[in-house]
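Here the structure is laid out as structure tokens; the discussion comes afterwards.
Each reported figure results from applying straightforward, stated rules to the coordinates on display, with no laboratory input. Since this is a predicted model, take the numbers as computed values, not measurements. So basically every Cβ, Gly included, is an ideal-geometry build from the backbone, and we count neighbours across all protein chains shown.
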Amino acid sequence: MFEKILVPTDGSECAEAAIGYAEDLAGQYEATVHVLCVVDSRTLDSAPHLERVKDESTEMVESVCEDLAGSNIPVEDAVRTGIPHQEILQYASQQGIDLIAMGTHGRTGIERYLLGSITEKVVRLSDIPVLTVRAEPDGTVTYPYADILIPTDGSEQAAAAIDVGVDITSNYDARLHALSVVEPIAMGVDFQSADVFELLEEAAQSAVDSVEKKASQASLSKVETAVKYGHPYREIHSYVDANDIDLVVMGTHGRSGLERYLLGSVTEKVVRTSAVPVLTVRPSNEE
């Protein structure tokens, strides 16, 4: 499934955190890791400045590649100049990248997740899966994965993540968890009708059953399903904590132009606040 993994880096702690996760996945899938640094053309004020920054960037990616090569991971390095998120997406397209692994940092409260950041734009616009990794102060990592969670509501966006989540679970011989959350108040309407609530419960059960069916077809023996009640992203976090989840694999959809990425959505909130890595997957037929 993953033959080429791209890790964009700028030398920051957040970017460095993603390298270990990319290395671990590359080892499992026998993939090549591409290490890319993009020199932001908007920050350059002269030709000498450009050359100095490019030299520093080249040294940085070469150092990362040397470390990866020491672990017998095939590597490719590249330095580009331009608008970072555009260069990352263009490189991924040109090189046939299967997965982008990027560092990020979490924000809480009323702050928006990585407002205007490179990672936010790549997640929003990428047609291929994007793994977002938050750097922990103590250097804690959650790989190799032992417990993987696929949250689902039965939608096309959620279903896009199932095959990817099942494949990763199989490769790591991990336990797969499927979770669907029934929201008492949905779409601005308080569903107090027993009949309507029963329909929501049935839909949630059907959603996790579809994940279990895919897991069975892939011969996964360790599968757990659950239906919870409450606010979806909060219940997902609670489930992650209670079950020692190492990776969350979620479906998403992209937006362009002036629209914010998944405004107020469950996926956006999980990515913004998750203590464990989140792999977002966009439906292949989505424009």
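Fewest-first ordering of M102, M60 by other beta carbons within 10 Å of each residue's beta carbon gives M60, M102. Report summary: the helix-based calculation at 222 nm, which adds -39500 (n - 2.57) for every DSSP H run with n ≥ 4 and divides by the residues of the chain, gives -13500 deg cm²/dmol. Debye calculation, C-alpha points only, no solvent: report log10 I(q)/I(0) for region 4-134 at q = 0.12, 0.14, 0.16, 0.21 Å⁻¹, in the same order as the q values. Log-scaled intensity ratios, in q order: -0.44, -0.60, -0.78, -1.27. Reported to the nearest whole Å, the Cα centre-to-centre distance from region 27-99 to region 6-21 is 11. Taking amide H atoms as placed 1.01 Å from N in the peptide plane, the amide H of Y229 lies under 5 Å from those of V182, each 5 or more residues away in sequence or on another chain.
In plain terms, the chain from D138 to A203 could stretch by 19.3 nm, reckoned as 0.36 nm per residue minus the Cα-Cα distance.
Hey, what angle do you get for helix 156-172 against the long axis of the chain, alpha-carbon based, 0 to 90 degrees rounded to 10? The two axes meet at around 70 degrees. Scoring 84-93, 40-49 by mean Cβ neighbours within 10 Å over their residues and listing the highest first yields 84-93, 40-49.
Under 11 Å from the Cβ of V276, count the other residues' Cβ atoms, weight Lys and Arg +1, Asp and Glu -1, and hand me the total. Present the calculation step by step, with values, prior to reporting the outcome.
On the way: positive: R134; negative: E136, D147, D241, D244, D246.
Local net charge: -4.
Of the residues F197, F2, the one with the fewest other Cβ atoms within 10 Å heads the list, and the complete ranking is F197, F2. Considering only Y239, Y229, Y21, the Gaussian network model of the chain with Cα springs below 10 Å gives its largest mean-square fluctuation to Y229. Shown for V141, V223: other C-beta atoms within 10 Å of each C-beta, ranked fewest to most, produce the order V141, V223.
When the expected Rg is taken as 2.2 N^0.38 Å, what fraction or multiple of it is the alpha-carbon Rg of the chain?
Numbers: Rg = 19.6 Å, N = 287, 2.2 N^0.38 = 18.9 Å.
Rg over 2.2 N^0.38 Å, computed on Cα atoms: 1.04.
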